[in-house]
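What follows is a set of notes on a single structure, which appears directly below.
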Amino acid sequence: MGPFSSIYNMILSVREFLYRTSLKDSKRLPSKVVSIGNLTLGGTGKTPAVIALAQEAKKRGFKPCVL
């Protein structure tokens with residue numbers, strides 16, 4: 001994992017630099033966005049968390065869309 005984490009870190013650093021210097025701009029979306037995830041695949045409870053969050057949002061009058 002060592003070489004891969006170094007490459008990933010370098011990519012993130014370049015990406016952060018591009019946003020900080022306005023060479024890459026962020027986009028405004030017409031809806032609120034919630035991102036749930038991490039670098040771990042499977043078994044960390046992301047799906048149940050998304051289901052619970054979507055159900056709670058629906059109870060509060062929002063129209064959640066899960067991708």
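Overview of values
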quantity: Partner lysines for K63 [C-alpha distance under 23 Å; skip if fewer than 8 residues away on the same chain]; calculated: K27, K32, K46
quantity: Mean residue ellipticity (222 nm) of the chain, computed from DSSP H runs ≥ 4 via -39,500 (n - 2.57), nearest 500; calculated: -16500 deg cm²/dmol
quantity: At most 15 other Cβ within 10 Å, DSSP loop - chymotrypsin sites (Phe, Trp or Tyr not before Pro), region 1-64; calculated: F62
quantity: Among (i) -0.77, -1.24; (ii) -0.77, -1.00; (iii) -0.84, -1.05, the entry that matches log10 I(q)/I(0) by the Debye sum over Cα atoms at q = 0.16, 0.25 Å⁻¹ as calculated here; calculated: (iii)
quantity: Filtered trypsin sites (Lys or Arg not before Pro), the chain: DSSP coil and at most 13 other beta carbons within 10 Å; calculated: K24, K27, R28, K32, R60
quantity: Tilt relative to the chain, helix 46-59 - C-alpha long axis, 0 to 90 degrees, to 10; calculated: 50
quantity: From phi via Karplus (6.51, -1.76, 1.60), per-residue ³J(HN,Hα) for region 3-16 in Hz, x at Gly/Pro; calculated: x, 5, 5, 5, 5, 4, 4, 5, 4, 5, 5, 5, 4, 4
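Quick note: the coordinates plus some simple rules give every number you see, no bench work behind them. From a predicted model like this one, the values you see are computed outputs, not experimental measurements. In this analysis, Cβ positions are derived from the backbone assuming ideal geometry, glycine residues included, and neighbour counts consider all displayed protein chains.
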